[in-house]
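The values are calculated or read from the model by the stated rules, or taken from the named source; none is laboratory data. Values in this document were obtained by computation on a predicted structure and should not be read as measured data. Note that we place each Cβ from the backbone using ideal geometry, even for glycine, and neighbour counts take in every protein chain shown. When the accessible area is computed, the model is the full protein with side chains, heavy atoms only, and any ligands, DNA or RNA have been set aside. Shrake-Rupley method; radii C 1.70, N 1.55, O 1.52, S 1.80 Å.
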Amino acid sequence: MTDYKNLKLIATSSPHIRAAENTRTIMLDVIIAMMPALIWAIVKFGFRALILTAVSVIGCIVFEWGYRKIMKKPQSVNDLSAVVTGILLAFVCPVNMPYWMILIGDFFAIVVVKQLFGGIGKNFINPALAGRAALVASYAGTMSGAWADPQAGWVSMVGTADVVTAATPLAYMKTGDMAGLTSQYSVTDMFLGNIGGSLGEISALLLIVGGLYLIWRKVITWHTPVAYIATVAVLTFLFPKGGADNVQFMLYSIFSGGLMLGAFFMATDYTTSPVTKTGQLIFGVGCGLLTVFIRYFGSYPEGVCYSIMIMNLVVALIDKAVKPSRFGVVKSANKEAAAK
């Protein structure tokens, strides 16, 4: 005979479908996808690339743990989201920046942008990009004027005085000096990563490999990355600068800067991107348009960081505009026709 008095009713919020994936497994896949680019950075820049990334990751973990400890909130460092933020922030910084400087970016990304708004899933812009924007605003010289040249050898782990710097491809393209760019870097160099730039942005090939891994694992969908990259490709093909060939200028544009990193790893962030496929396409096109506009008409040679953050701010509007109808509910525009 069943003892109904001892039965427990367990009620949980929807959805009621259970899956093996959770935040930790998703973040682990993102970390795995970034490993090829990190390994290449170590090959080209030396072990300082690994140490700077490790410092950034540890900083993010400590700041998240410390904030939640002080505020007496449940710890969330085990979900690995702080690790992902730390790697991404290191990826968008020059390898020769001081260690203390990236910790400031970590603090801004984790505490100000993420935790003060409630933690993972509640931030309104991408934390890593916000951390980079804060560093650019505070230390513009370091963030935009001293890029290590991977063709000149490894960067010292203890100092930056011996670093050989070189202009990035985007700097050449900003001034329209395509002759200088093509003499310094080939399209193959751009694709493989034999160029100067941020630590984790230089190899378009390995970032694409990481992005395809995420799509294969169904961590992200193709909609935002394809829309983003395709928009930049079309605009730069139609409107080349510096007298360059259309195809050549397009290839240099999509393989340079942080386009691949932003398209696959930042614009696809669950919290700060649309939830519908249509919304993701609109979001990607918007990021592409803003990236090209900033690169062409802004004072800053790169546009990926700010374009994604600007589009982050309109995600709620995009979701509202393309929100699908609930099952069984007739849209207002069709109510009159349905009534007839």
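The table for this structure:
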{"read-out": "Candidate set: the range 117-153, residues that are more than 18 Å from the chain's Cα centre (by Cα) and aliphatic (A, V, I, L, M); chosen: the one modelled with the highest pLDDT", "value": "ALA137"}
{"read-out": "Subset of the range 235-259 [open to solvent by 10 Å² or more (accessible area, probe 1.4 Å) and either assigned to a loop (DSSP other than H, G, I, E, B) or within 18 Å of THR224 (Cβ to Cβ) (or both)]", "value": "LEU235, PHE239, PRO240, LYS241, GLY242, GLY243, ALA244, ASP245, ILE254, GLY257"}
{"read-out": "Selection count, the range 305-328, where residues are open to solvent by less than 40 Å² (accessible area, probe 1.4 Å) and farther than 19 Å from GLY279 by Cα", "value": "1"}
{"read-out": "Any pair with Cβ under 9 angstrom, 6 or more apart, that starts in the range 112-135 at a residue that is more than 22 Å from SER307 (Cβ to Cβ) and ends at one that is open to solvent by 10 Å² or more (accessible area, probe 1.4 Å) and among the acidic types (Asp, Glu)", "value": "ILE120/ASP79"}
{"read-out": "Pair list, Cβ under 7 Å, 6 or more apart: the range 30-46 residue touching a residue at least 24 places away in the same chain (Cβ under 8 Å), other residue part of a loop (DSSP other than H, G, I, E, B) and among the aromatic types (Phe, Trp, Tyr)", "value": "PHE45/TRP154; GLY46/TRP154"}
{"read-out": "Subset of the range 57-115 [closer than 13 Å to GLY131 by Cβ and not in a helix (DSSP H, G or I)]", "value": "VAL92, CYS93, MET97"}
{"read-out": "Whichever residue in the range 190-207 is modelled with pLDDT of 90 or more and in a helix (DSSP H, G or I) and, among such residues, is nearest to the chain's Cα centre (by Cα)", "value": "LEU207"}
{"read-out": "Extreme residue, nearest to GLY200 (Cα to Cα), among residues of the range 296-340 that are of a type in the set (D, E, K, R) and modelled with pLDDT under 90", "value": "GLU302"}
{"read-out": "Test for PRO98: is it of a type outside the set (Gly, Ala, Ser), touching a strand residue (DSSP E or B) at 6+ places or on another chain (Cβ under 9 Å) and at pLDDT 75 or above", "value": "no"}
{"read-out": "Boolean, SER253 is small (Gly, Ala, Ser) and either farther than 16 Å from ILE195 by Cβ or without any contact (Cβ under 8 Å) to a residue 12 or more places away in the chain (or both)", "value": "no"}
{"read-out": "Residue tally, condition open to solvent by 10 Å² or more (accessible area, probe 1.4 Å) and either assigned to a loop (DSSP other than H, G, I, E, B) or touching a Phe, Trp or Tyr at 6+ places or on another chain (Cβ under 6 Å) (or both), over the range 180-189", "value": "2"}
{"read-out": "Checking MET97 against (1) over 22 Å from SER256 (Cα atoms); (2) surrounded by fewer than 24 Cβ atoms within 10 Å (Cβ to Cβ), the condition it does not meet", "value": "(1)"}
{"read-out": "Close pairs (8 angstrom Cβ cut-off, 6 or more residues apart or separate chains): within 19 Å of THR23 (Cα to Cα) and outside any helix (DSSP H, G or I) in the range 212-227, open to solvent by less than 80 Å² (accessible area, probe 1.4 Å) and aromatic (Phe, Trp, Tyr) anywhere", "value": "ILE220/PHE264"}
{"read-out": "Residue list for the range 160-183, restricted to those being at pLDDT 80 or above and within 22 Å of LEU52 (Cβ to Cβ)", "value": "LEU170"}
{"read-out": "The range 267-304: number of residues that are part of a helix (DSSP H, G or I) and surrounded by 24 or more Cβ atoms within 10 Å (Cβ to Cβ)", "value": "8"}
{"read-out": "Candidate set from the range 17-54 (those that are among the hydroxyl-bearing types (Ser, Thr, Tyr) and open to solvent by 40 Å² or more (accessible area, probe 1.4 Å)); member that is modelled with the lowest pLDDT", "value": "THR23"}
